[in-house]
Amino acid sequence: MKQWVADTLICPKCLMTAVPLTLTIRNERSGDIIEGDLNCPNCGSQYPIQKGVAVVLPHKTRVILDPKNSYNAPEVLSAYLWSHFGDLLNENHATDAYRVWSSHLPSSGGDALDVGCAVGRLSFELGQKHDHVIGLDTSISFIRKAREILNRKQLAFNLITEGFLTEPRNYCFDESWNFETVDFIVADALALPFRPQTFATVTAINLIDKVPHPLKHLEEVNRVLRWQASAFLFSDPFSWDPGVAPPERWLGGNGNRHYNPRGIDTIRQLFSGKYGVFDPPLTISDSGDVLWKIRKTQNLWEHITSQYLIGQRP
Ligand SMILES: C[S@@+](CC[C@H](N)C(=O)[O-])C[C@H]1O[C@@H](n2cnc3c(N)ncnc32)[C@H](O)[C@@H]1O
């Protein structure tokens with residue numbers, strides 16, 4: 001974890017009092033902390049930094065790091081690396097979805113947070129127009145890979161063809177990619193370890209239907225997004241799943257009839273200030289669909305329409 005990230009972190013268990021974490025460094029390489037700890041002087045929680053990866057998760061959430069978590073599986077890593085970087089690799093049928101999402105954001109400067117960043121492509125795109133970018137995800141396998149790409153300025157992985165058959169893929173990033181100001185941590189969208197109003201831009205792409213408490217996720221975005229001169233890029237296919245969140249917490253799909261039947265309409269209402277989540281409210285400056293693909297094997301694909309909204313505060 002880069003040292004500038006440590007300056008932004010607070011304890012995810014003490015969000016109400018925004019207690020900064022204190023850093024102990026055991027091994028550091030050119031501003032990158034390889035081994036160390038982050039400690040909360042208030043509740044005594046300790047968050048490890050191991051092999052460069054900071055895990056800023058409350059203890060009770062750390063079960064998520066289990067290799068059995070589907071987002072830590074090797075086949076899922078191959079699928080997401082293709083999905084994020086397939087256009088750079090000149091793959092047949094690749095989309096440039098992450099470039100498209102990023103292109104809809106205003107050029108803001110300031111700092112950006114990419115919540116549920118997976119292997120980091122959107123964070124790298126955000127790095128082109130922000131002072132600093134932090135990508136976070138609960139998948140340790142994704143964050144390790146994103147940091148490997150960052151440190152080597154190179155992408156190398158085995159793309160699954162079928163079963164155990166794989167083909168190597170490689171890509172070198174040139175100097176036009178600004179990686180110095182980007183970093184990745186393991187953290188939870190439902191307990192973002194940052195002070196209120198830290199970020200000029202927050203992005204949350206294809207995440208809301210993957211968290212157990214969708215409204216809490218948006219409350220956390222509201223907490224860390226600046227009250228002025230800021231933007232929130234939201235996008236999702238709204239594939240609600242009772243195995244992820246109980247239907248009464250869904251923001252659409254008639255899981256909870258308090259909300260609109262269509263998730264995107266509920267999100268529009270939330271942006272406008274309804275339900276008291278976004279305060280100050282967000283003005284929608286852009287909306288539409290982004291076509292996005294996940295390639296599982298050579299013959300198995302998911303074609304996804306992700307509905308996006310850009311909400312801005314003047
Ligand atoms: C459908 S994927 C989308 C990833 C990425 N945003 C994209 O569009 O390619 C959902 C991502 O959210 C992550 N995730 C799930 N629950 C999370 C949570 N509570 N906090 C942070 N990330 C989470 C998963 O590990 C996964 O990387």
Heavy-atom accessible area per residue, segment 60-313, 1.4 Å probe: how many Å²?
42
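In a shell of Cβ-Cβ distance under 10 Å around Ala79, excluding Ala79 itself, what net charge do Lys and Arg (+1) and Asp and Glu (-1) give?
So the surrounding residues net to +1.
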For segment 198-314 (alpha-carbon point model, no solvent) the Debye-based log₁₀ I(q)/I(0) at q = 0.15 Å⁻¹ works out to -0.66
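Could you check what % of the DSSP bridge pairs in segment 60-313 are antiparallel, to the nearest 5?
So the antiparallel bridges in segment 60-313 amount to around 60 percent.
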So if R0 is 30 Å, what FRET efficiency would Trp4 and Asn42 give, r being the distance between their Cβ atoms, rounded to the nearest 0.05?
0.85
What is the set of long-range amide H partners of Phe194 at a cut-off below 5 Å, with H atoms built 1.01 Å from backbone N?
Ile10
Value of [θ]222 nm, deg cm²/dmol, for the chain, DSSP H segments ≥ 4, -39500 (n - 2.57) each, nearest 500
-5500 deg cm²/dmol
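How much net charge surrounds Ser285 when only other residues with a Cβ under 13 Å from its Cβ are counted (Lys, Arg +1; Asp, Glu -1)?
So the environment of Ser285 carries a net charge of +1.
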Could you order the peptides 108-120, 275-287, 199-211 from most to least packed, using the average number of other C-beta atoms within 10 Å per residue?
108-120, 199-211, 275-287
Quote the relative contact order of segment 60-313 in percent (integer), defining contacts as alpha-carbon pairs under 8 Å separated by 6+ residues.
18
With label points built 7 Å along Cα→Cβ from the Cα atoms of Asn299 and Thr283, find their separation and express it in nm.
5.3
Gap in Å between the Cα centre of segment 291-314 and the Cα centre of segment 28-66?
31
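When the accessible area of the chain is split by element with a 1.4 Å probe, what percent falls to carbon and sulfur?
Here it works out to 50 percent.
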Could you tally the net charge around Arg147, taking each other residue with its Cβ under 13 Å from the Cβ of Arg147, Lys/Arg +1 and Asp/Glu -1?
+3
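With the Cα gyration tensor of the chain giving a ≥ b ≥ c as the square roots of its eigenvalues, does the rule (a/c under 1.5 for rounded; else a/b larger than b/c for prolate; else oblate) give rounded, prolate or oblate? Mind dumping the intermediate values first?
Working: a/c = 1.37, a/b = 1.04, b/c = 1.33.
Cα axes put the chain in the rounded bin.
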Taking amide H atoms as placed 1.01 Å from N in the peptide plane, list the residues 5 or more away in sequence, or in a different chain, whose amide H sits under 5 Å from that of Gly135.
Asp114, Asp183, Phe184, Ile185
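The values are calculated or read from the model by the stated rules, or taken from the named source; none is laboratory data. What you are looking at is a predicted structure, and each value in this text was computed from that prediction instead of being measured. No Cβ is skipped: glycine too gets one built from the backbone with ideal geometry, and neighbour counts run over all protein chains shown. For accessibility, only protein heavy atoms count, side chains too; no ligands or nucleic acids. Shrake-Rupley method; radii C 1.70, N 1.55, O 1.52, S 1.80 Å.
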